[in-house]
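One structure, as C-alpha cells, below. Some questions next.
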Amino acid sequence: MPTARESLLDAAGAAVESRPWRRVRMVEVAATAGVSRQTLYNEFGGKEGLGAALTAHRTALLLDGFAAQLARRRSLDGAADWILATARADRVVRAALTGCQCAGAPPTGAPPARLIAELRDRAVRALPHASPTDCESAIRLAVSHLIAP
C-alpha cells in the first residue's frame with residue numbers, strides 16, 4: 001500500500017498532466033490521494049514544496065530509467081531516444097530538462113545543466129568506452145529536440 005507521500009505525488013503528477021501547475025489546487029490533490037489537506041501541508045509545507053518534491057521524484061525516475069536503459073541497450077543512442085520519449089510524455093521531466101516553464105510544470109528550482117550533467121555521468125559510468133563529451137553531446141541533442149523538434 002502506498003504511503004501518503006507517494007499517493008500525494010501520484011495525485012499531483014496526474015493533476016499536472018491534465019492542466020498547468022498554476023491551476024492545480026491543493027484540495028483536489030489531497031482528495032485524489034485520499035488524504036486530508038492538512039496531511040498534504042504537513043508532508044510538503046505548501047504548493048511550492050509539493051512542486052519541488054514532484055520534480056525531484058520525476059527526475060529521480062528519469063535518472064534511474066536512463067541508467068536501466070543504458071544497462072539494457074548498452075548504447076547511448078537508444079538511451080538518448082528514451083530520454084526524448086520520456087520527456088515528451090512527462091511535462092515535469094520536460095521542464096526539468098529544458099528549464100522551460102511554458103510546459104505548465106511546477107518551477108524546477110535546479111538548472112537543467114545539473115540534470116544533464118548527472119545523466120552524462122551515469123552514461124560515462126555505464127559506457128566506459130564513451131567519452132564524457134560524446135555522452136553530453138548525445139544527451140543535449142536529445143534535449144534540443146524537445147525545444148525545436
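The values are calculated or read from the model by the stated rules, or taken from the named source; none is laboratory data. If you're wondering where the values come from, they're calculated on a predicted model, not measured in any experiment. Reconstructed Cβ throughout: ideal geometry from the backbone, glycine too, with neighbour counts over all protein chains shown. Ligands, DNA and RNA are stripped out before the accessible areas are found, and what is left, the full protein with its side chains, is counted by its heavy atoms. Shrake-Rupley method; radii C 1.70, N 1.55, O 1.52, S 1.80 Å.
Tabulate in residue order the Karplus-calculated ³J(HN,Hα) for region 86-96, using 6.51 cos²θ - 1.76 cosθ + 1.60 with θ = phi - 60°, rounded to whole Hz; enter x for Gly and Pro.
5, 5, 5, 8, 9, 5, 5, 5, 4, 5, 5
At q = 0.18, 0.21 Å⁻¹, what base-10 log of I(q)/I(0) does the Debye formula yield for region 108-148 when every alpha carbon is treated as an equal point scatterer in vacuo?
-0.49, -0.64
How much area per residue is accessible in region 1-122 when the probe is 1.4 Å and only protein heavy atoms are counted (Å²)?
Using a 1.4 Å probe on heavy atoms only, each residue of region 1-122 averages 50 Å².
Tell me which trypsin sites (Lys or Arg not before Pro) from region 1-79 have a DSSP coil assignment and no more than 12 other beta carbons within 10 Å of their own. Don't skip to the answer; put the middle values down first.
Details: sites: R5, R22, R23, R25, R37, K47, R58, R72, R73, R74; in loops: R25, R74.
Hits after loop and neighbour filter: R25, R74.
Here's a follow-up. Could you check how much of the accessible area of region 22-149 is carbon and sulfur, as a whole percent, using a 1.4 Å probe?
Heavy-atom surface of region 22-149 belonging to carbon and sulfur, 1.4 Å probe: 53 percent.
Determine by what factor the alpha-carbon radius of gyration of region 66-147 differs from 2.2 N^0.38 Å, reporting the quotient.
Output field value: 1.04.
For region 9-100, with only Lys/Arg (+1) and Asp/Glu (-1) charged at the beta-carbon, what is the dipole magnitude about the Cα centre, in debye rounded to 20?
That gives region 9-100 a dipole magnitude of about 220 debye.
Helix-only estimate, please: 222 nm mean residue ellipticity of the chain, summing -39500 (n - 2.57) across DSSP H runs of length 4 or more and dividing by its residues, to the nearest 500.
-24000 deg cm²/dmol
Computed over the Cα atoms of the chain, what is the ratio Rg over Rh, Rh following Kirkwood?
The Rg/Rh ratio comes out at 1.02.
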